[in-house]
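I have placed the structure first, in the form of structure tokens, so that the comments after it can refer back to it.
The values are calculated or read from the model by the stated rules, or taken from the named source; none is laboratory data. All values derive from a computational prediction rather than experimental measurement. Ideal geometry is used to build each Cβ from the backbone, glycine not excepted, and the neighbour counts take in all protein chains shown.
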Amino acid sequence: MAVSDHLGLLAHPLPPLRAGPRSSFEIAQLAKQYGCDTIVVGLPLGLGGAATPETEFAKARAEEIERESGARVLLWDERLSTREATRRLEELGIRGKQSRDLADSAAATIILQSYLDSRNRPSSG
């Protein structure tokens, strides 16, 4: 989980939620708590960009979150985000179990920051 600042410029990690039958509801409640009008959900694609079984699960989860929260939900390519998060944590000297515990929040932050950067990038033309 991650949330942006009020200006929509920087993503900040939140403690991870454990996946379960109530996680869509919990995400919706957090979105309401933080006043989010848009929720970005990572879309797991294969390295070549093809859909995977996890892709369909993420799409279904995104629909649940949208129903529960009333916010707009966007699917965002999450390819290599976990690898990047793990690399960044290792650069900070965080390895092993501690790294695994933080990797999901770090990956969520990378995904959200990617979305924010693309939205805030000046358009050419």
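Residues in segment 37-60 that are out of contact with any strand residue (DSSP E or B) (no Cβ under 7 Å at 6 or more places or on another chain) and buried (at least 17 other Cβ atoms within 10 Å of the Cβ): P44 alone. The requirement of being touching a Phe, Trp or Tyr at 6+ places or on another chain (Cβ under 9 Å) and in contact (Cβ under 8 Å) with a residue 40 or more places away in the chain is fulfilled nowhere in segment 76-89; no residue meets it.
Tell me, please, whether a residue that is among the acidic types (D, E), under 27 Å from Q98 (Cβ atoms) and at pLDDT below 95 can be found in segment 31-46.
The answer is no; no qualifying residue exists.
Give the residue, chosen from Q33, Q29, that is surrounded by fewer than 16 Cβ atoms within 10 Å (Cβ to Cβ), in contact with a helix residue (DSSP H, G or I) (Cβ under 9 Å, 6 or more places away or on another chain), assigned to a helix (DSSP H, G or I) and of a type in the set (S, T, N, Q). Unique residue meeting the criteria: Q29.
Residues are listed down the side, and each one gets a yes or a no for (1) surrounded by fewer than 19 Cβ atoms within 10 Å (Cβ to Cβ); (2) of a type in the set (F, W, Y); (3) assigned to a helix (DSSP H, G or I):
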position: V73; (1), (2), (3): no, no, no
position: A85; (1), (2), (3): no, no, yes
position: S99; (1), (2), (3): yes, no, yes
position: T109; (1), (2), (3): no, no, yes
position: P122; (1), (2), (3): yes, no, no
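Within segment 1-21, the residues that satisfy the criterion of being surrounded by 12 or more Cβ atoms within 10 Å (Cβ to Cβ) and modelled with pLDDT under 90 are P16, L17.
Would it be correct to say that E78 is buried (at least 18 other Cβ atoms within 10 Å of the Cβ), of a type in the set (D, E, K, R) and out of contact with any His (no Cβ under 6 Å at 6 or more places or on another chain)? Criteria met by E78.
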